[in-house]
Amino acid sequence: MLSSRLCRWIKGVGVSAAAAHGTYWVWQSAEQWAWEAQQANPDGGIGAGFIESALAVVAFVTLMPLLLWAGMRLLGERDNHLLVTMGWAMFLVLNTQMPGGSANRLETELFFAAFAVLGGFLALFHPTAPEE
């Protein structure tokens with residue numbers, strides 16, 4: 001049987017990978033929506049597609065911590081504060097390293113694999129109650 005630490009690491013890797021792909025897919029779809037809005041009204045000036053772009057940024061920033069938390073809770077793991085906070089910050093930092101539009105599919109998947117492995121290690125941190 002697998003140890004509880006190994007199971008928690010595997011759950012962290014799986015949830016991190018799923019959250020990274022889900023967040024990236026939603027963000028890419030919203031960016032495509034914004035681009036289509038700009039192309040539909042090219043004479044709309046600066047504001048064409050602004051609402052859609054703002055929604056893409058909001059989805060990109062808020063979806064990752066929500067998916068990390070919900071995924072670990074669905075798998076029965078509690079006290080995932082470090083995974084949620086540091087995983088969110090790490091995802092933002094990793095995505096600043098991916099140039100917009102110029103990263104190919106392999107580079108993106110390598111970034112997501114690194115994020116998933118690091119998310120697994122962050123999931124290993126399980127705070128314990130102080131002993132009296």
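The values are calculated or read from the model by the stated rules, or taken from the named source; none is laboratory data. Bear in mind that the values here come from a model prediction, so they are computed numbers and not experimental data. Neighbour counts are summed over all protein chains in view; Cβ atoms, including those assigned to glycine, are modelled from backbone coordinates with ideal geometry. Ligands, DNA and RNA are stripped out before the accessible areas are found, and what is left, the full protein with its side chains, is counted by its heavy atoms. Shrake-Rupley method; radii C 1.70, N 1.55, O 1.52, S 1.80 Å.
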Subset of region 77-96 [hydrophobic (A, V, I, L, M, F, W, C) and open to solvent by less than 80 Å² (accessible area, probe 1.4 Å)]:
Leu82, Leu83, Val84, Ala89, Met90, Phe91, Leu92, Leu94
Residue count for region 97-132, restricted to those that are at pLDDT 75 or above, more than 18 Å from Gly22 (Cα to Cα) and open to solvent by 30 Å² or more (accessible area, probe 1.4 Å)
4
Do you know which residues across region 24-76 are open to solvent by 50 Å² or more (accessible area, probe 1.4 Å), touching a residue at least 24 places away in the same chain (Cβ under 8 Å) and more than 24 Å from Phe121 (Cβ to Cβ)?
Trp27, Glu31, Leu55
